[in-house]
1. Do you know which residues across the range 24-42 are buried (at least 21 other Cβ atoms within 10 Å of the Cβ), modelled with pLDDT under 85 and either in contact with a Gly (Cβ under 6 Å, 6 or more places away or on another chain) or not hydroxyl-bearing (Ser, Thr, Tyr) (or both)?
2. Among the residues of the range 70-84, are any within 14 Å of the chain's Cα centre (by Cα), free of Cβ contacts under 8 Å to residues at least 24 places away in the same chain and in a helix (DSSP H, G or I)?
3. Going residue by residue through the range 27-37, is there one that turns out to be in contact with a helix residue (DSSP H, G or I) (Cβ under 7 Å, 6 or more places away or on another chain) and closer than 19 Å to Leu144 by Cβ?
4. Within the range 92-106, is even one residue polar (S, T, N, Q) and free of Cβ contacts under 8 Å to residues at least 24 places away in the same chain?
5. For the condition surrounded by fewer than 13 Cβ atoms within 10 Å (Cβ to Cβ) and on the phi < 0 side of the Ramachandran plot, what is the one hit in Arg112, Arg122?
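The values are calculated or read from the model by the stated rules, or taken from the named source; none is laboratory data. Worth saying up front: this structure is predicted, and the values here are computed from it rather than measured. Note that each Cβ is placed from the backbone with ideal geometry, even for glycine, and that neighbours are counted across all protein chains shown.
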Amino acid sequence: MNLDGLTHSVIDFVRDHREYAPIIVGLLTFGESLAFVSLLLPATSIIIGIGFMIAAAEIPFWEAWLGAAVGATLSNWISFTIGRHYKTAAYGVWPLSRNQHLIARGERFFQRFGPWAVFLGRFFGPTRAVIPLISGIFLMPPVLFQAANLASAFVWAFVLLAPGAGLARYVFW
């Protein structure tokens with residue numbers, strides 16, 4: 001089978017199972033944004049590729065976008081809650097315990113940007129894993145955290161999915 005045949009087989013498979021697309025994208029963004037797990041699951045490039053696949057399989061963009069945003073929002077909320085509950089003891093959990101430089105960098109980033117760190121941190125790989133946790137440890141007000149969390153999740157999900165979805169139109173149509 002050549003690359004063209006493989007591509008069409010994958011697209012046909014995605015098209016046949018399109019009802020699972022928002023859930024799958026949501027699970028990937030959940031893992032990509034959750035403290036601890038994010039350091040083990042670098043799914044950003046996969047999510048970008050999914051943008052291409054959803055367009056090629058004719059899945060409505062808004063469904064995948066909503067799934068991605070919900071997954072990212074929930075994972076940051078959980079990370080924030082872990083930080084509020086366990087405080088700095090959370091720093092001792094693997095794999096974060098083996099990446100102390102990320103903790104120091106995340107704390108400096110949070111102290112420099114305050115509430116904006118939650119929004120901006122979503123767009124920088126390693127900080128995405130620790131900023132919500134640090135926000136909880138530093139007792140950021142939950143309403144302020146959730147406002148930044150929701151806004152950044154929708155923008156981040158769009159930025160990851162839209163380029164592939166837009167380019168797919170030129171390749172397949």
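1. Ala35, the sole residue that qualifies.
2. No, the conditions are met nowhere in the range 70-84.
3. yes
4. Taking every residue of the range 92-106 in turn, at least one turns out to be polar (S, T, N, Q) and free of Cβ contacts under 8 Å to residues at least 24 places away in the same chain.
5. Arg112
For (1) over 17 Å from the mean Cα position of the chain (by Cα); (2) more than 26 Å from Ile137 (Cα to Cα); (3) in contact (Cβ under 8 Å) with a residue 40 or more places away in the chain, each residue gets a yes or a no:
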| residue | (1), (2), (3) |
| --- | --- |
| Arg15 | yes, yes, yes |
| Tyr20 | yes, yes, no |
| Ile24 | no, yes, yes |
| Glu58 | yes, yes, yes |
| Gly67 | no, yes, yes |
